[in-house]
1. Looking at B:155, B:213, which one is within 30 Å of residue A:39 (Cα to Cα) and of a type outside the set (D, E, K, R)?
2. Does any residue of segment B:291-301 turn out to be polar (S, T, N, Q), in contact (Cβ under 8 Å) with a residue 12 or more places away in the chain and away from ligand 1 (no atom under 16 Å from the Cβ)?
3. How many residues are at the interface with another protein chain (Cβ under 8 Å from one of its Cβ atoms), touching a strand residue (DSSP E or B) at 6+ places or on another chain (Cβ under 9 Å) and open to solvent by 10 Å² or more (accessible area, probe 1.4 Å) when one looks only at segment B:696-744?
4. If I ask for residues that are within 7 Å of ligand 1 (Cβ to nearest atom) and surrounded by fewer than 20 Cβ atoms within 10 Å (Cβ to Cβ), which ones from segment A:32-45 would you list?
5. Return the pair list, or none, for Cβ contacts closer than 6 Å from residues in segment B:53-70 that are touching a residue at least 12 places away in the same chain (Cβ under 8 Å) to residues that are surrounded by fewer than 20 Cβ atoms within 10 Å (Cβ to Cβ) and aromatic (Phe, Trp, Tyr), at least 6 apart or on different chains.
6. Looking at B:758, B:774, B:764 in this structure, which one is touching a Cys at 6+ places or on another chain (Cβ under 6 Å) and either on the phi > 0 side of the Ramachandran plot or buried (at least 20 other Cβ atoms within 10 Å of the Cβ) (or both)?
7. Take the residues of segment A:73-85 that are modelled with pLDDT of 95 or more and not acidic (Asp, Glu): which is nearest to ligand 2 (Cβ to nearest atom)?
Amino acid sequence: MSKMHVKMTVNGKAVEALAEPRTLLIHFLREDLKITGPHIGCETSHCGACTVDLDGKSVKACTVFVAQANGAEVTTVEGLVNDDGSLGVIQEMFREHHGLQCGFCTPGMITRAHLLLQENPTPSEEDIRFGIAGNLCRCTGYQNIVKAIAASADALNAQKEAAE
Amino acid sequence: MNEQTLTPEQRTANLKGMGTSRKRVEDVRFTQGKGNYVDDIKMDGMLFGDFVRSPYAHARVKNIDTSAAAAVPGVVAVLTAADLEPLGLHWMPTLAGDKQMVLADGKVLFQGQEVAYVIAEDRYIAADAAELVEVDYEELPVVVDPFKALEPDAPVLREDIAGNMEGAHGPRKHNNHIFTWEQGDKDATEAVLAEADVVAEEMVYYHRTHPCPLETCGCVASMDKVTGKLTLYGTFQAPHAIRTVVSLISGLAEHNIRVISPDIGGGFGNKVGAYSGYVCSVVASIVTGKPVKWVEDRMENLMSTAFARDYWMQGKIAATKEGKITGLWCHTTADHGGFDACADPTKFPAGFMNICTGSYDIPTAYLTVDGVYTNKAPGGVAYRCSFRVTEAAYFIERMIEILAIRLNMDAAELRRINFIRADQFPYQSALGWEYDSGDYHTAWDKAMKAVGYDGLRAEQAQQLADFNAGKTRKLMGIGLTHFTEIVGAGPVKNCDILGLGMFDSCEIRIHPTGSAIARLGTISQGQGHATTFAQIIASEIGIPADDITLEEGDTDTAPYGLGTYGSRSTPVAGAATAMAGRKIRAKAQMIAAYLLEVHDDDVEFDVDRFVVTGAPERFKTMKEIAFAAYNQAIPGIEPGLEAVSYYDPPNMTYPFGAYVCVLDIDVDTGEADIRSFYALDDCGTRINPMIIEGQVHGGLTEALAIAMGQEIAYDDMGNVKTGTLMDFFWPTAWETPNYQTDWTTTPSPHHPIGAKGVGESPNVGGVPCFSNAVHDAFRSFGLTQSHMPHDHWRIWKTANGLGLHG
Ligand code: FES
Ligand code: FES
């Protein structure tokens, strides 16, 4: 199949590559760019393991063709670490509150949490539970994930306040 | 502060040893997307495999035409059974002593069965080409009901063993019959049933479901033709067992095979068995000389690798009119699908179903299990379960509730008067197990008090009165469970899989500067082994957990072990870890004594050092001892400080717990709203409370899924009706409740650190608890048994059948 020229910004870096237009974004990220944080749990948009941030929206990268993402700005979990390489706030809070076990849902879950907290910086428990309902976790029972996201909200808000 | 002035408490805290909620070391990688799972592996020239699968549940395969597929640019080869046959690899042995087709050999026995394997340069080409393989099927009559499979004129499913009436587990009664397993005393139990004041009888069905970890199964096989070495990366819960099996079936020498389990995205029993994908990938790599990756998609996962449960349990329970249980009888019809691929220890074809007397002192019992072939996927794996203990616990916890209804007794009280008493341990059960330790009454009373049991019953009565008065359409249900687990398989004298004894192992090396590396025969799939096993070592040897690297899953470096499933890591490998630590400590003691110029017996271990007895200011820290072990000539002592331990457990461990679920059922919509869930677990000594709590949350959520909707359902044609996450219920954060956890601690007397294991308990106890709550809501309307899963539709039907819709 003929290939197209794809350009996008991934985690702040401009990337260019040749890819079949039908290539799924998740495969493009994982196979071509070797960004293996986002995972594949179903390929049918049910599990959210492949969640990335695409132009400010949480999308399931298994259901987006690379052609649709041409020119887009993409953030994955790898892009959420601090500049000095230390864990970002949400990543740290997931660790602190034991919000992960096997870690397979974690990149998608954290990427979703990242956007959720931008959409709603002071979410209630219900808001969090509803806001991550597109991301399945088989290991944790969500209780500690919810805690981790609530704690992230607090930490991020405290950071913001301190900066003001 | 220096070594001298720190208090023992401070020194203990520095170790982050057993009992502390140490943060997980794994998480630093996982939270930034730097895990290394099988599908993350990329190798030069790597090819991709994909299967052509049967759309039929039972059919003859008359012809396979691979020419169009093979002609697709980028396709390297297409394998069928005919290609594997000369190598003797078209069938493979199962863990249960049966054999299974690797690729369809003349017929298919379940929908989704592997028929051909396409190898191509990328996964898209492989998938495209798989579509082009032409298979000529002739449909055969389908049997999905195990009772119908045993009818005299049922179609013969396994023609390869037709007429062979001696199976791997004794005589077969029918061509679709696999085995009969018999435990306990038949005559005595029948006599008790005949004379009992009360006998409650019921069919209890635990439906077919699936472990469905978020990461599916997969592997990368890489044959190096120059060295003759095969490296096999894969989602293996038992890497060493896989190495041995690969060696036995491929003829490659075991030293030329290196099996590596990298990070695993959840296992829950799905990743114990050997699957066609592994065999085909190995063959493809040997043939092509290139690495070959195979990763199943979700639909393939749900349809073909590893179902769980599917047990029809006919039960009779006998009691006096005061409620003292006198006997238990059970006949189980076990649906194994097209091949018997259970992962049970060899001598236990129905796993530990004979733990079905549960937490109760039942003097007489009898159990038979008939294994049956049907046109469904093979598996029968221990899904978050120790070999059928989940089925057993569900059975007895339902039978208790049913007996309570018959006796018109409170189900909590009925349990209480039948519990094995603390003074009866070690307790010999009627079906052959020796329970190591327990204190059920204490746990139960603590649970009842914590939930305010009497108050809940009063509230329920009020809500029922309101319901009857037309003031509400919601019924309140109170689900109770007291389960006893049996984990840590197991003693080599009676536990083996394919002849491999079920011991486990740990090797510890202390480095000269006092840090360490430990390697185990197990493999974490989210349990946090790198964190918790280091804690055991920290407490045993006195080296901070943060200074210990833990490695698992590489058969070239790790000592041989049987892997992680059946909650066996802590009971078996955890014990091996403690024992290896003690060997090191024993040597360290001699070194310390030499350095301190006293007799070996005159030094004693104190947190992170050896001190001279009676003179605590004279000591040598483990760091100093480690340095001396490598760098000082000590007469009569070899240099170095390392040890390996292979631990053969003397007995299983028996964790237990008391759970209470409160829910409201809307009789008009069939919705069940979980109001609260209280889980008290006793897993013996607690290594990392944070991780235990996380395991309980996760296990309860899988229990919620199973009890309330998750199933692998088939239609009469053998089509899988729940093959995607759209139909296969997996609770989201939205429908999952918060859980309240609690504990008591009754150490295992035979385990070096008293730990029993916890990963499965919440699944074992959770399913009956949710299910009992649903049943309890309808108890006053005469419901005794309605089968799981209790999804909205089934609950609505129950309500309708009881006349609650007016
Ligand atoms: S892999 Fe994209 S939603 Fe599951
Ligand atoms: S941590 Fe395993 S799926 Fe979420």
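The values are calculated or read from the model by the stated rules, or taken from the named source; none is laboratory data. Because the structure is a prediction, the values reported are computed rather than measured. Cβ coordinates were reconstructed from backbone atoms using ideal geometry, including for glycine residues, and neighbour counts include every protein chain displayed. Just the protein is used for accessible areas: all its heavy atoms, side chains included, with ligands, DNA and RNA removed. Shrake-Rupley method; radii C 1.70, N 1.55, O 1.52, S 1.80 Å.
1. Unique residue meeting the criteria: B:213.
2. Looking for residues that are polar (S, T, N, Q), in contact (Cβ under 8 Å) with a residue 12 or more places away in the chain and away from ligand 1 (no atom under 16 Å from the Cβ), one finds none in segment B:291-301, hence no.
3. 2
4. Once the filter is applied, which keeps residues that are within 7 Å of ligand 1 (Cβ to nearest atom) and surrounded by fewer than 20 Cβ atoms within 10 Å (Cβ to Cβ), segment A:32-45 yields A:44, A:45.
5. Pairs that qualify, where the first residue is touching a residue at least 12 places away in the same chain (Cβ under 8 Å) and the partner is surrounded by fewer than 20 Cβ atoms within 10 Å (Cβ to Cβ) and aromatic (Phe, Trp, Tyr), are B:56/B:137; B:59/B:137.
6. Details: B:774 fails: touching a Cys at 6+ places or on another chain (Cβ under 6 Å); B:764 fails: touching a Cys at 6+ places or on another chain (Cβ under 6 Å).
Only one candidate passes the filter, namely B:758.
7. Per the criteria, the residue is A:77.
Yes or no, residue by residue, for (1) in the same structural domain as residue B:87 (by TED's automatic domain parsing); (2) open to solvent by less than 40 Å² (accessible area, probe 1.4 Å); (3) among the aromatic types (Phe, Trp, Tyr):
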| residue | (1), (2), (3) |
| --- | --- |
| B:164 | no, no, no |
| B:177 | no, yes, no |
| B:182 | no, no, no |
| B:185 | no, no, no |
| B:195 | no, no, no |
| B:202 | no, no, no |
| B:211 | no, yes, no |
| B:238 | yes, yes, no |
| B:249 | yes, no, no |
